[in-house]
1. Name the residues in the range 89-145 that are farther than 27 Å from Met21 by Cα and of a type in the set (Ser, Thr, Tyr), would you?
2. From the residues in the range 179-220 that are touching a strand residue (DSSP E or B) at 6+ places or on another chain (Cβ under 7 Å), open to solvent by 10 Å² or more (accessible area, probe 1.4 Å) and touching a residue at least 60 places away in the same chain (Cβ under 8 Å), which one is nearest to Ala264 (Cα to Cα)?
3. Starting from the range 52-70, take each residue that is at pLDDT 95 or above and list its partners that are open to solvent by 70 Å² or more (accessible area, probe 1.4 Å) and hydrophobic (A, V, I, L, M, F, W, C), counting only C-beta distances under 9 angstrom and pairs at least six apart or across chains.
4. Given the conditions (1) open to solvent by less than 50 Å² (accessible area, probe 1.4 Å); (2) under 22 Å from Val18 (Cα atoms); (3) in a loop (DSSP other than H, G, I, E, B), and given that Tyr171 satisfies all but one, which numbered condition is not satisfied?
5. Could you count how many residues in the range 227-270 are assigned to a helix (DSSP H, G or I) and crowded, with 21+ Cβ neighbours inside 10 Å?
6. Just to verify a result, which residue in the range 19-29, among those that are open to solvent by 30 Å² or more (accessible area, probe 1.4 Å) and assigned to a helix (DSSP H, G or I), is nearest to Val158 (Cα to Cα)?
Amino acid sequence: MERPAWAPRSIDITVPSVSRMYDYYLGGSHNFEVDREAARRAMEFLPGLPKIMQANRAFLRRAVRFAAGEGVTQFLDIGSGIPTFGNVHEVARAAVAGARVVYVDHDPVAVAHSQAVLGGDENAAVVAADLRKPREILESHEVGRLIDLDRPVALLLVAVLHFLEDGDDPYEAVAELRDTLAPGSMLMLTHASYEGIPLPPERAGGAVDVYKNIRNPLIMRSRDEIARFFEGYDMVEPGLVPMPKWRPDTAPEDEDPYAFSAYAGVGRTA
């Protein structure tokens, strides 16, 4: 397989990547055939995966606009993925000039492309780090330069927590980030769940097995389990709901049924 010029030499282009599969679902071009093969296998069981990813990005944009409208001007996007249309810094700055954004991802392709997109942008940066090690994120040079932790921050954990197994201590990682943030900060997240998928769990489970087979287990948590991530936050109305129902721009009943396959919510620290 020929290595594209945009692919860092350090990555193994024979192994599927979650972020590149996500890019493929969204119609992006920064993925390899191995990613497309894995994504197509997952779609054999869960054909609505592209619709799920589109709903996820739509929630992200609405949540960022909401935070900016509430006066939040700092955004920390962990598990940010490969840049696509409607990135956090673009949406935030359309609402409030001078918004500062730090993207965090552990995928080298996502980091490389974020650096290219942000070249010359003094108010945005990318950190190569992992949500499993929140202290490394918080102590990074980029966060220290751009994020004032004494002022409210919008923390985005969009479509990332379901890739952390219970053994990775995801609740502890989210709590550590929460305890560092100033009052008035917000947590914005989405998380996959069997509860909203318009298919029997055993059918959707075939897609989950694809992710397990590429050594990126997809952990399908219940609504109650997802709600635990918001401990210490006051939920913003309408609470933790299927993605299309969180402050929608259009009537939720017009959405594709697969768009309801994950929960979304925003919480605010007192």
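1. Once the filter is applied, which keeps residues that are farther than 27 Å from Met21 by Cα and of a type in the set (Ser, Thr, Tyr), the range 89-145 yields only Ser140.
2. Here the answer is Ala192.
3. These pairs meet every condition: Arg57/Phe85; Arg65/Ala94; Ala68/Ala94.
4. (3)
5. Selection size over the range 227-270: 6.
6. Across the range 19-29, the extreme among qualifying residues is Tyr22.
The values are calculated or read from the model by the stated rules, or taken from the named source; none is laboratory data. These numbers come from a predicted model, not from an experiment. Virtual Cβ from ideal backbone geometry, glycine too; neighbours counted across all protein chains shown. These accessible areas exclude ligands, DNA and RNA; they are computed on the full protein's heavy atoms, side chains included. Shrake-Rupley method; radii C 1.70, N 1.55, O 1.52, S 1.80 Å.
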